[in-house]
Each structure stands twice: as C-alpha cells, then as structure tokens.
1. Tell me, which helices (runs of 4 or more DSSP H) lie completely within region B:176-274 with 2 or more residues that are buried (at least 20 other Cβ atoms within 10 Å of the Cβ) and within 25 Å of the chain's Cα centre (by Cα)?
2. Of the residues A:LEU75, A:LEU28, A:LEU69, only one is farther than 30 Å from B:LEU108 by Cβ, exposed (fewer than 15 other Cβ atoms within 10 Å of the Cβ) and of a type in the set (A, V, I, L, M); which?
3. In region B:43-55, what residues are small (Gly, Ala, Ser) and either crowded, with 19+ Cβ neighbours inside 10 Å or touching a residue at least 24 places away in the same chain (Cβ under 8 Å) (or both)?
4. Taking only region A:209-237 into account, find how many residues are of a type outside the set (A, V, I, L, M) and touching a residue at least 60 places away in the same chain (Cβ under 8 Å).
5. Pick from A:GLY105, A:GLY149: which is over 26 Å from A:LEU216 (Cβ atoms), more than 25 Å from the chain's Cα centre (by Cα) and part of a helix (DSSP H, G or I)?
6. Quick one: which residue in B:THR90, B:THR55, B:THR69 is more than 10 Å from chain A (Cβ to nearest Cβ) and under 25 Å from the mean Cα position of the chain (by Cα)?
7. Of the residues A:GLY105, A:GLY130, A:GLY97, only one is within 30 Å of B:SER61 (Cβ to Cβ) and in contact (Cβ under 8 Å) with a residue 40 or more places away in the chain; which?
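The values are calculated or read from the model by the stated rules, or taken from the named source; none is laboratory data. As the structure is a computational prediction, the values presented were derived from the model and not from experiment. Here the Cβ is made from the backbone with ideal geometry for all residues, glycine too, and neighbour counts use every protein chain on show.
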Amino acid sequence: MNAHRGPRGVVGWLNATFRYWSLAPAVLLFAVLTVYPVLNLFRMSVSTIQFKGNTDFWSFTPRRNWDALFSDPSLSSAVSNTLIFVAVAVTVEMLLGLALALLVGRMTRGKGLMRTLMIVPILVPPVAIGSMFKLMYNHDFGVFNQLLGLIGLEPVSWLGSTSLALWSVIAVDIWHWVPFVFLILFAAVEGLPGEVLDAGRVDGADRWQLLRYVTLPLLLPAITVALLFRSILAFKAFDEVYLLTGGGPGTSSELLSLHLYRVFFEQNQLGYGALLSVLTIVGVLMLLAMGRRLVAGTRNG
Amino acid sequence: MSVRVADAARRPAHRHERPFLAAARARWLGFLLIALALVIVVAPFVWILQSSFKTQIAILSGAWIFTPTLDNYADVLLSRRSDFVHGLLTSVLVATASTAIVLVVATLAAYSLHRMRWSRVVVAAFLTWMLAFHVIPVITLVGPWYLAFKALGLYDTRMALVLTHVTINLPMAVWLMLSFFKSLPPEIEEAALVDGCHPLSAFWKVTLPLVRPGLIATGVLSFIFSWNEFTIALNLTSQANATVPVIVSKFSNDYEVLHAQMAAASILATLPALLLMFVGQRFIIAGLTLGSVK
C-alpha cells in the first residue's frame, strides 16, 4: 500500500476517486440532456400536449399522432425533398471535392493558401452564408440575374419558383461543403505513399490507370468516411434553407428538419412532432449502422 | 492490377510521346481549375462585403459603382431598434462559457476513457451513444428541451443555451481529445507514475501540457460552433436572449428584407470566426481532419 506516501484529505480523496469523477460530468450531461430527452420523445409521441399559460397538460392519445402522420399533406414532399437534397448534394460534393484534392495534390506551390481558403466556408456562420446567397439570388438585383442580363437573358426566379428553389438550395449546400470533403481527402492525398505511385509509374501505368488502380483504392477509407460524414450531416441541414426559402414556395424546398421545426414551433403539435422525431432518429441510426459496416468493410478489405 | 499495368506497358504509349508538353498542359489545367475554385469560394464574400457598404437604394438599383457608406454598420451597431450589440454580448458569453465547460468535461472524460481501465463495454457504450447523438438532427431534441427548460424556468435564458451548446459540442470535443491522448506515447506518463507521481498530478503536470495543441483545436472549434449555432438559439430564446445568428436571420425574415443591414450584420457575425481562424488555423485543420484519415 502506498497510503503512507499519498497526500491526505481532499487531495487524497480526489486522487483515489479520479477515475470516477473524471468521467462523471460527461455521463451526467449526456444522461440529463440527451438520454432523458430521447426517452421523453417516446412518451411525447403517444401524447397530446397543450399549454395553459406556462404549464403543459398531457393526455394519452397514441392513435392521434399516427393519424396526423398519415394525413400530413406536406410530409411526403419533405421526405422526397430531403432524399433528393442528400443524394444530389453529397454526390456532387464528393466528386468535386475529390477532383480538387487530386488537383491540388499535384501542385508544387500554393497548397497552404488553398487549404486556408477552403476552411473559410466551413467556419462562417451558416446564417451568414444564407444571407449572402439570398442577396445574390435576388430576382431584381442579385448578381446572378445581373450577369444573365449582361449576356441578354431574362432574369430567373432562383428562390421563388417551385421548380428551381430546391436546386438553388442544393447549390448553396454544395458551395458550403465541397471544401470539407476537399480537406479530408486532401489530407489523405498528402499521406499517399510516394513509393507505390512511383512503382506504378515505373511499371508504365498511364495517369488514368494510376488513378483507377492505385490512388483511388488507397483513398477509399478516407472517401468512405467523408461520404458517411456528409450523408449524415446533410440530413441535419436547416439554417441556410430556413433563411433562403423557409421551405417555400409552398413546400417545394421543405426539408425534413424544416418540417419538424414547423410542426413543433409553428403548429405547436408537440406530440406529432415527437413521433416524427422518433422516426427520424430511428432512420438516421439505421443509416449510421449501415455506414459503420461500410467503413469496417473498406478498412478490412 | 498487375496484369493491367503490364498491358499498358505493352501498348504503344501515345500519351508519353511528348511528356514535356503534356506535363505543361496538365499544370495549366490545374492552375486554371484552382483559380476557378478560389474565385467561387471568395466571390460571395466580396459580394456581401461590397453590399454592406451600399445604401439600400444602391442595392435595389443594382448599381456597380457607388459611394461607400458606413451607415449600415452604424445602423446595425448603434441604432436603438437594433438588438445587435445585446446579441453580441449574449453570443460572447454563451460561446465562452460553453467552450470552457466543454474543454474541462471533454478532456476529463477522454482521459478517463483512455487511461482509467474502464471495461470495454463502458467505453463502447459511451462512444456509441456519443456518435449516435452527434448524428441525430438537433431539431428533434429541441422539442423535449423546450418542454424541460420551460418546466425548470430556464426557457429563454443564457443558461439554457450554455447547457445545450455544451451538449452538442461534447461528442466532437471528446472525440478530438481522445485522438490526441492516443497519439501520446504511454511511457512518459508511466514513468511519472513510477517516480511516485499521483494519478492526478501525472495528468495535470505531465499529460495535459503535452496535449496543448489538442486543447487549442478543441477550444477554437467549440467556440466557433457555439458562435454559429442557430437551430437551438432560434427556438429556446426570445428577443431578450437572441444570439447573433438569430438577429442576422431577423433582418431577412421580417416583412421587408433590410438587405443592406443584413449584409453588414452578416459580415460582423463572420468576423470572430475569421479572426480565430487566422490565429488557430494549423490547429483547426488538425481538428477537422483528425480521426477521419487514420
């Protein structure tokens, strides 16, 4: 026993219990602010909650929220918009980010500058990005329509037309997140083993063969991680859409997160919102489980 | 793969006929694309910056040539109907407090998970829940948070924002600190312990100074993410405790969009992140790419 050597009193007690109190705050925070709310979501999803003043009154109405789900007129467009948003934005971001990472990897100078510039969009408040593009998309004086005017074309209603609004929002998401994919893949490109590439070159492989059979397989783990990150985070997209279109016109650019916001805070349907939240969480977690298998696959294979 | 490469070697290599020219062309193409990427990233910022110096009339008429004015900044910062300065104070307080708490809680938790011989089940359960929470859209939890904070009398307080911002940044912070702890050679700390150092002082005097880059990366990123956070701040506060992003959004979602003020407010909202970025760039890049490449 080292007891005779150790400090006594408070310090001794802190030392003896370090293991527990070092983890306790994080566990406590997660329990109170994530586990409890998620459990509460399940309880809310079978209830109707009404406010009288600041007090909430709950009644047990399991059928009601499911009925609301099946009669929600804008849910199907929110789901399909979200799927289109995630699929298109993430695909384009991956392709552009990869191309850019490979190109910059070939540069002999200016890599640092490139990297510095590419972190800017990731760190700027998404709300500021929303206002930025709101100005540029403006029908009457936005820069896009001014440029169209210069070459003699009619102004386009980027955010105000039901057929274009979602695509305009997707374009902003691409602008925002290509740099993120670039950063992850560029780090991987910089870490590529030079000997392997040289060996391929010595063996006479041309550039495309080198890319297809050497570089891409080596980058696959990083590509999978970037893809997983982006797919999951694209589901969370809220800020820019809220600012740019608010989901409109109609429900043409309404995403699931925006729909949840409306149900919770504009229509005050806490019970139905909770049911939608539970379903969203289950969906996202299934996606995550599938993604983890994918990552494990690329690392072992 | 080797078959294909051998194939290629046998084929007449047209593409290698004039390697010098091909290399020069590839280089030009590279530069061109990079220049294009730079313009695409920077141009929107230039556009909103010049808009912020225009009068509302100059913006509405789409003028390219104009007399710059500081009126928009004065209006956003000084006018009585603007809550911007109040929001700035709220944002600074919330981001600072939540970052400080996140750093302490996450560093301790990561160290504990890394060094304190928790059973695998505990570690796996903790990390899995953390990851799961991180991927859940935050709006799904804002509903129950709203109910809980209302019941506790914390709705529309800075305390509610601090607590929720700590929670949403904790997974990233624990993850980052864990990677930094893992990158340390275990011998250093073991030597300290053998020399009679107590666990607490080994942590405080030996390990913590070694992960200072990790602390900086985690701190800078937590501060920026708290500063930028919008979904929670929009729904858990009213005007009295609105943060900067919420106020910026108000300029655009009012009945009449105040374009010039919105531009100025957006620029002001962006400045802290930009400043921090230039100070801690190296650490931010480490933070953003760590764990994803390994």
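1. B:212-228, B:231-236, B:244-253
2. A:LEU69 is the lone residue from the list that is farther than 30 Å from B:LEU108 by Cβ, exposed (fewer than 15 other Cβ atoms within 10 Å of the Cβ) and of a type in the set (A, V, I, L, M).
3. So the first thing to find is which residues in region B:43-55 are small (Gly, Ala, Ser), and the list is B:43, B:51-52.
Answer for region B:43-55, where residues must be small (Gly, Ala, Ser) and either crowded, with 19+ Cβ neighbours inside 10 Å or touching a residue at least 24 places away in the same chain (Cβ under 8 Å) (or both): B:SER51, B:SER52.
4. Initially, region A:209-237 is screened for residues of a type outside the set (A, V, I, L, M), giving A:209, A:212-213, A:215, A:217, A:221, A:224, A:229-231, A:235-236.
From the residues that got through so far, the ones that are touching a residue at least 60 places away in the same chain (Cβ under 8 Å) too are A:215, A:221, A:224, A:230-231, A:235.
Qualifying residue count for the region: 6.
5. Numbers: A:GLY105 fails: over 26 Å from A:LEU216 (Cβ atoms).
Every option except A:GLY149 fails the conditions.
6. Working: B:THR55 fails: under 25 Å from the mean Cα position of the chain (by Cα); B:THR69 fails: under 25 Å from the mean Cα position of the chain (by Cα).
After ruling out the rest, the residue left standing is B:THR90.
7. A:GLY130
Okay, residues lined up against (1) at the interface with chain A (Cβ under 7 Å from one of its Cβ atoms); (2) touching a helix residue (DSSP H, G or I) at 6+ places or on another chain (Cβ under 7 Å); (3) small (Gly, Ala, Ser):
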site: B:SER201; (1), (2), (3): no, no, yes
site: B:GLY214; (1), (2), (3): no, yes, yes
site: B:VAL220; (1), (2), (3): no, yes, no
site: B:THR231; (1), (2), (3): yes, yes, no
site: B:SER249; (1), (2), (3): yes, yes, yes
site: B:ILE267; (1), (2), (3): no, yes, no
site: B:THR270; (1), (2), (3): yes, yes, no
